[in-house]
Amino acid sequence: MEAKFSRFLKLAGVGFKARSEHEGRELFLKLGYSHEVQFTAPPAVRVFCFKPNIICCTGIDKDRVHQFAGAVRSCKPPEVYKGKGVLYIDEIMKRKPGKKQKK
């Protein structure tokens, strides 16, 4: 029996979308840049998109799954003021307050 490990990512932001192709081997992300960001999954990892903003990285090697998910997250880490970016589903992000308004 093979144990499968998975890591879920969420794209938070207006117009941020993901799609997977070639049977879960390639991941294409639209993250507000002038081009699409492309990732090729390692042999032990598959990538699936449940919704345009939910990504699932799954595989039998926990280290490779987490390393690939970290590489995807590092292309647009969540920003602390608005919370936009690529973040893990179970991640709790502390947000900073904005500027104080003068009266």
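Worth a mention:
- Region 5-88: relative contact order in percent, alpha carbon pairs under 8 Å with at least 6 residues between: 35
- Among the trypsin sites (Lys or Arg not before Pro) in region 1-37, those located in a DSSP loop and surrounded by at most 15 other Cβ atoms within 10 Å of their own Cβ are Lys4, Arg25.
- In the chain, helices alone account for a calculated mean residue ellipticity at 222 nm of -4000 deg cm²/dmol, with every DSSP H run of four or more residues adding -39,500 (n - 2.57).
- Note on region 10-58: Cα-only Rg and Dmax are 10.5, 32 Å.
- Furthest towards positive pole of dipole, Ile60, Phe39, Val14, structure part the chain, Cβ charges: Val14
- A protection proxy built from the mean count of other Cβ atoms within 10 Å ranks the segments 86-99, 67-80, most packed first, as 67-80, 86-99.
- Local electrostatic count, Glu26, Cβ distance below 12 Å [Lys/Arg +1, Asp/Glu -1]: 0
- With a threshold of 27 Å on the Cα-Cα distance, the over-threshold entries among Lys17/Lys96; Lys17/Lys102; Lys17/Lys100; Lys17/Lys94; Lys30/Lys100 are Lys17/Lys102; Lys17/Lys100; Lys30/Lys100.
- The local environment of Ala71, defined by Cβ-Cβ distances under 14 Å, has a net charge of +2 under the rule Lys, Arg +1 and Asp, Glu -1.
Every number in this text was worked out from the coordinates using simple rules, so none of it is lab data. Being a predicted model, the structure only gives us computed values, none of them experimental. Virtual Cβ from ideal backbone geometry, glycine too; neighbours counted across all protein chains shown.
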